[in-house]
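In what follows, a structure is listed as structure tokens, so that the remarks can point back to it.
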């Protein structure tokens, strides 16, 4: 099925949901809830909170399906935007948002020193198999490094590399300017490189780095 066909199928599906078609909502849930759950797990880091956040997201979809505007982007981007909002709300409610932001603070000098011998992960072409998802082959070390990032930086990394969303789409999802997305990706990559260097790993890349 082509991207156009998927978009048209999604549009018919969400329009049916807007008409309170429960079967259409079940199809929508089955199609997208697993992907939303995967994203929220990266954001929340607490499996026990993911189901509730997914349900909150899908309830908002059921209640607001008529507000979806295909002229503003694809359905998945709209769904991720709702999920992102619900995820941050969960973090704030549990008092973890500001606490986790502190993990994201590193001395600028330390980051700059690391850059001399460690290249930061780069945004890559979505169909380049050698660099897809900035080298997840680093395995546990990379997962550990991702856990050191703030929720916003984990989110932008997952949306960029894990969910293959474009910068404009991420800006829509995170409700911020595109330049803010680029800045977050830039700093998140540098910090990932720093943390990986602490575990003795380096990341090389050949693609051009976006300016913050």
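A short reminder: the numbers here are calculations on the coordinates, not readings from a lab. Since the model is a prediction, treat every value here as computed from it, not as a measurement. Every residue, glycine as well, gets a Cβ built from its backbone with ideal geometry; the counts of neighbours run over all protein chains shown.
Just rank 161, 25, fewest to most, by other beta-carbon atoms within 10 angstrom. Mind dumping the intermediate values first?
On the way: 161 22, 25 19.
Going from least to most buried by this count: 25, 161.
Between residue 46 and residue 176, 0.36 nm times their residue separation minus their Cα-Cα distance comes to what? Mind dumping the intermediate values first?
Values: separation 130, 0.36 × 130 = 46.80 nm, distance 2.52 nm.
Stretched fully, the residue 46-residue 176 segment lengthens by 44.3 nm.
Would you mind ranking 169, 52 by Cβ crowding within 10 Å, fewest neighbours first? Before the final figure, lay out each step's value.
On the way: 169 22, 52 13.
With the sparsest Cβ surroundings first, the list reads 52, 169.
Could you tell me what % of all Cα pairs in the stretch 3-95 have separations over 18 Å?
Values: 1792 of 4278 pairs.
Counting every Cα pair in the stretch 3-95, those more than 18 Å apart make up 42 percent.
Cut-off is 10 Å between beta-carbons; in what order do 85, 187, 153 appear when sorted fewest neighbours first?
Numbers: 85 16, 187 19, 153 22.
By the 10 Å Cβ count, ascending, the order reads 85, 187, 153.
When the chain is fully extended, how far beyond the present Cα-Cα distance does residue 19 get from residue 60, taking 0.36 nm per residue of separation? Could you put the intermediate results ahead of the total?
Working: separation 41, 0.36 × 41 = 14.76 nm, distance 1.45 nm.
Extending this stretch completely gives an extra 13.3 nm.
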